[in-house]
Amino acid sequence: MHYQNREYPFQTPPELKGESPGQYPVAIVGAGPIGMAMAIDLALKGIRSVILDDNNVVSVGSRAICWAKRTLEIFDRLGIGDRMLEKGVTWKVGRLFNGEQEVYNFNLLPDDAHKMPAFVNLQQYYVEEYLADRIADFPDLIDLRWLSKVTGEEIADDGVTLHVETAEGKYDLTADYVLACDGCNSHIRQRMGLKFDGHRFEEHFLITDVDMPEAPFESDEPERWFWFKPPFHTGQSALLHKQPDNIYRIDLQLEPGADPAEEAKPEHVIPRLKQIVGDRAFEIDWVSVYSFTCAMLEKFVHGRMVFVGDSAHVVSPFGARGGNGGIQDVDNLGWKLAAVLKGEAPPDLLESYDEERRHGAVENIMNSSRATNFMTPKSKMEAVFRDAVLSLANDLPFARRLVNSGRLSVPCSLEGFALQSPRATTRGLPPGTPCPDAPLEGGWLLNELGGEFMLLTIGRRAKITAPEDVKALHFEDSPGVAAHYGDDMIYLIRPDQHIAAAFEAGTDAENLTLALTRAKGKPALETIS
Amino acid sequence: MSKSLGMDDRLQPHGDDFYELLMTAHEGLDFDQSAALNARLILLLANEVGDFDTLAAAIERASKS
Ligand SMILES: Cc1cc2nc3c(=O)[nH]c(=O)nc-3n(C[C@H](O)[C@H](O)[C@H](O)COP(=O)(O)OP(=O)(O)OC[C@H]3O[C@@H](n4cnc5c(N)ncnc54)[C@H](O)[C@@H]3O)c2cc1C
């Protein structure tokens, strides 16, 4: 079934009706997944924003499909997790081929201790549609303006003025903070003359989405198939993935020097696809040719202009870290920006977003580059090593782990950065860890945690008074929680569900207050003993 | 001498780090220079492993291709 893009209408903004709405707290440039998620996270904290997008439809064509566990958990906090889970496809069986031969297969068993699976496959246009629907729940807090192109910006010490162009005319608007969520070709980044350094991979990939009612797999279970040196085409790798609505994503790595425009023609694409799926009927939904870059900004925060998502960092899609990385930016920035705007934290708190998420981007770029390198050997010797790994991977676990067709996106640890307290114990989970989910009676831990600072205590001995304005959550006899977090433990949890500080039961209330001060970006006072 | 080899993954979390380091060491070398690098590396690692039976089993397993 071909996805029907809903067209969102242009609505005359107050500025073009002769009204003067004054300075907005936040303006967001770009209504991609990152810009929209950003507005929802801020709205959940009572912060008003305007989103400007130059288009009037959600994502078109073949883009993100794979959303990882942490992303699903964040989307769940934002209110679209259940819809994604319901619509998305979760594959369990992965098969890896070298030429004709199946090297190995694996079965990802569901983890009953977590609400969210390791990932789901769901077309980016569905995710964006769900976000746009969710935005409609906040009519007083989110003003989403389609067909509104940002053409320039003036950055001052106390705000940013944007120049906006629409079919009905031009106008300016000013906001305390502007979030540049304008994607990998960010014009804001270019106009500001910021360096966006990285590595460009030579190879081109032919990315197709095909509509195929009959599954190519032996059973009803969706699978993921990956080929090194596929027998059906001359490139070095190929990938097949299932999406909802019987849409299959097929990526074919093209030979160096292949002519991308020529390769995208149906007369070349169709015979190759037939070699993969046999005589099953299919229709091509979308074909595009991509080459990939891994690059990032040196700084994400430039005074009142903050870069979030692809505008700040891009990766090759192997390991699916683009959108997944961007959603973690949102999670990290939302509560900090809200605290700054409410006057609860100094503007410097945003520096911790810069530090923590640059660290995440470096890790994502490293993993994506490694996968891309493994799939696209640059020299004869690299190809020899890749083939040697594959030939041993049949029966040797160590070699199997070296095979790299993309490492699943997992969140990075924030240990050691300024907001986290140093380790006070070797028990339980260390500060900086993203909170793992756990089953509760009739629910899930992560649905109870987050959105604000929280005190999580586990075990009879761990009772302690929560600092002011911190919500307390206490568990006794909850083996699911204790299994991850340990018993008789005290945790301070950040609004983005990361552990800010961890103590054993019996710690001083003072230590907790200190940890909270630190986690809010205020200079922590020396301990008074 | 039928020592079983490599059944547990001893590189564990460092597998990808090691592979990247190895590929980086080969960068910019022609094929013969790369082969020579491999030879030196095998000799060094053999000395690190030390145990003769293990080395013999490794040679046997690698020869199977
Ligand atoms: C083939 C492919 C496969 C991928 N697979 C995955 C995957 O499996 N998992 C994953 O997590 N990620 C994947 N990605 C990456 C993912 O698509 C991106 O990371 C994600 O779209 C980034 O979101 P964003 O909101 O930052 O940017 P975008 O989605 O690019 O959104 C930017 C928005 O800004 C608007 N805009 C731009 N300039 C202006 C302006 N001047 N004024 C107003 N509006 C403007 C644009 O119209 C657009 O709506 C894949 C990407 C590709 C290409």
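The values are calculated or read from the model by the stated rules, or taken from the named source; none is laboratory data. Because the structure is a prediction, the values reported are computed rather than measured. So basically every Cβ, Gly included, is an ideal-geometry build from the backbone, and we count neighbours across all protein chains shown. In case anyone asks, the SASA skips ligands and DNA or RNA and just uses the protein heavy atoms, side chains included. Shrake-Rupley method; radii C 1.70, N 1.55, O 1.52, S 1.80 Å.
Working carefully through the options A:A27, A:A39, A:A68, A:A31, find the one that is assigned by TED's automatic domain parsing to the domain that holds A:H187, crowded, with 17+ Cβ neighbours inside 10 Å, within 22 Å of A:R224 (Cα to Cα) and within 16 Å of the ligand (Cβ to nearest atom).
A:A68
Would segment A:402-423 turn up any residue that is free of Cβ contacts under 8 Å to residues at least 40 places away in the same chain and at the interface with chain B (Cβ under 9 Å from one of its Cβ atoms)?
Yes, some residue in segment A:402-423 is free of Cβ contacts under 8 Å to residues at least 40 places away in the same chain and at the interface with chain B (Cβ under 9 Å from one of its Cβ atoms).
For segment A:372-393, give me each residue that is of a type outside the set (S, T, N, Q), closer than 23 Å to A:V314 by Cβ and surrounded by 21 or more Cβ atoms within 10 Å (Cβ to Cβ).
Passing the criteria: A:F374, A:M375.
Which residue is nearest to the other protein chains (Cβ to nearest Cβ), if the candidates are limited to segment A:353-366 and must be under 25 Å from A:F106 (Cβ atoms) and open to solvent by 20 Å² or more (accessible area, probe 1.4 Å)?
Looking at residues that are under 25 Å from A:F106 (Cβ atoms) and open to solvent by 20 Å² or more (accessible area, probe 1.4 Å), I get A:M366.
Quick test for you: out of A:A438, A:A462, pick the one residue that is within 28 Å of the chain's Cα centre (by Cα), surrounded by 21 or more Cβ atoms within 10 Å (Cβ to Cβ) and in contact (Cβ under 8 Å) with a residue 40 or more places away in the chain.
Among A:A438, A:A462, only A:A438 is within 28 Å of the chain's Cα centre (by Cα), surrounded by 21 or more Cβ atoms within 10 Å (Cβ to Cβ) and in contact (Cβ under 8 Å) with a residue 40 or more places away in the chain.
If I go through segment A:197-207 residue by residue, how many of them are closer than 25 Å to A:G30 by Cα and either within 14 Å of the ligand (Cβ to nearest atom) or crowded, with 17+ Cβ neighbours inside 10 Å (or both)?
Residues meeting the conditions: 1.
Output the number of residues of segment A:146-163 satisfying the condition of being more than 9 Å from the ligand (Cβ to nearest atom), open to solvent by 10 Å² or more (accessible area, probe 1.4 Å) and not in a loop (DSSP other than H, G, I, E, B).
Of the residues in that region, 6 qualify.
What do you reckon, is A:E298 of a type in the set (D, E, K, R) and either farther than 30 Å from A:P523 by Cβ or within 14 Å of chain B (Cβ to nearest Cβ) (or both)?
No, not satisfied.
For residues that are at pLDDT 95 or above and assigned to a loop (DSSP other than H, G, I, E, B), scanning just segment A:11-22, find the one that is farthest from the ligand (Cβ to nearest atom).
Restricting to residues being at pLDDT 95 or above and assigned to a loop (DSSP other than H, G, I, E, B), the top hit is A:T12.
Restricting attention to segment B:10-56, which residues are open to solvent by 50 Å² or more (accessible area, probe 1.4 Å), aliphatic (A, V, I, L, M) and within 12 Å of chain A (Cβ to nearest Cβ)?
Scanning segment B:10-56 gives B:L11, B:L21, B:A25, B:L29, B:L41.
Test each condition in (1) away from the ligand (no atom under 16 Å from the Cβ); (2) surrounded by 14 or more Cβ atoms within 10 Å (Cβ to Cβ) for A:Y8 and report the one that comes out false.
Every condition holds for A:Y8 apart from (1).
I need the strands (runs of 3 or more DSSP E) fully contained in segment A:75-132, keeping only those with at least 3 residues that are surrounded by fewer than 21 Cβ atoms within 10 Å (Cβ to Cβ).
Per the criteria, A:93-98, A:101-107.
Output the residues belonging to segment A:380-439 that are assigned by TED's automatic domain parsing to the domain that holds A:L455 and farther than 29 Å from A:G480 by Cβ.
A:A418
Which one is farthest from A:L252 (Cα to Cα), of the residues in segment A:208-222 that are in contact with a Leu (Cβ under 8 Å, 6 or more places away or on another chain) and surrounded by 16 or more Cβ atoms within 10 Å (Cβ to Cβ)?
Ranking the qualifying residues of segment A:208-222, first place goes to A:V210.
Would you pick out the residues in segment A:465-511 that are of a type in the set (K, R) and without any contact (Cβ under 8 Å) to a residue 24 or more places away in the chain?
Result: A:K471, single match.
Out of the residues in segment A:164-196 that are part of a loop (DSSP other than H, G, I, E, B) and near the ligand (Cβ under 9 Å from one of its atoms), state the one that is farthest from the other protein chains (Cβ to nearest Cβ).
Here the residue is A:D182.
Name the residue, out of A:A132, A:A156, that is within 28 Å of A:Q243 (Cα to Cα) and in contact (Cβ under 8 Å) with a residue 12 or more places away in the chain.
A:A132
Going by the structure shown, is A:V403 open to solvent by 40 Å² or more (accessible area, probe 1.4 Å) and not basic (K, R)?
So A:V403 fails the test.
In segment A:351-379, how many residues are touching a Leu at 6+ places or on another chain (Cβ under 7 Å) and not aromatic (F, W, Y)?
So the count comes out to 2.
Results for (1) more than 18 Å from A:V314 (Cα to Cα); (2) at pLDDT 95 or above; (3) under 28 Å from the mean Cα position of the chain (by Cα), shown as yes or no for each residue.
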position	(1), (2), (3)
A:I155	yes, yes, yes
A:Y177	yes, yes, yes
A:C184	no, yes, yes
A:I188	no, yes, yes
A:L194	no, yes, yes
A:R200	no, no, yes
A:H204	no, no, yes
A:T208	yes, no, yes
A:P222	yes, no, yes
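What pairs come out if I take residues in segment A:59-70 that are more than 14 Å from chain B (Cβ to nearest Cβ) and pair them with residues that are near the ligand (Cβ under 6 Å from one of its atoms) and in a loop (DSSP other than H, G, I, E, B) whose C-beta lies under 8 Å away, six or more apart or interchain?
Pairs that qualify, where the first residue is more than 14 Å from chain B (Cβ to nearest Cβ) and the partner is near the ligand (Cβ under 6 Å from one of its atoms) and in a loop (DSSP other than H, G, I, E, B), are A:S59/A:G32; A:A64/A:P317; A:A64/A:A320; A:I65/A:A320; A:C66/A:A320; A:W67/A:A320; A:A68/A:A320.
Residues are listed down the side, and each one gets a yes or a no for (1) in contact with a Lys or Arg (Cβ under 6 Å, 6 or more places away or on another chain); (2) at positive phi; (3) open to solvent by less than 20 Å² (accessible area, probe 1.4 Å):
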position	(1), (2), (3)
A:V289	no, no, no
A:G309	no, yes, yes
A:V315	yes, no, no
A:N324	no, no, yes
A:I327	no, no, yes
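How about segment A:329-352: which of its residues are within 16 Å of the ligand (Cβ to nearest atom) and either surrounded by fewer than 22 Cβ atoms within 10 Å (Cβ to Cβ) or of a type outside the set (A, V, I, L, M) (or both)?
A:D329, A:D331, A:N332, A:G334
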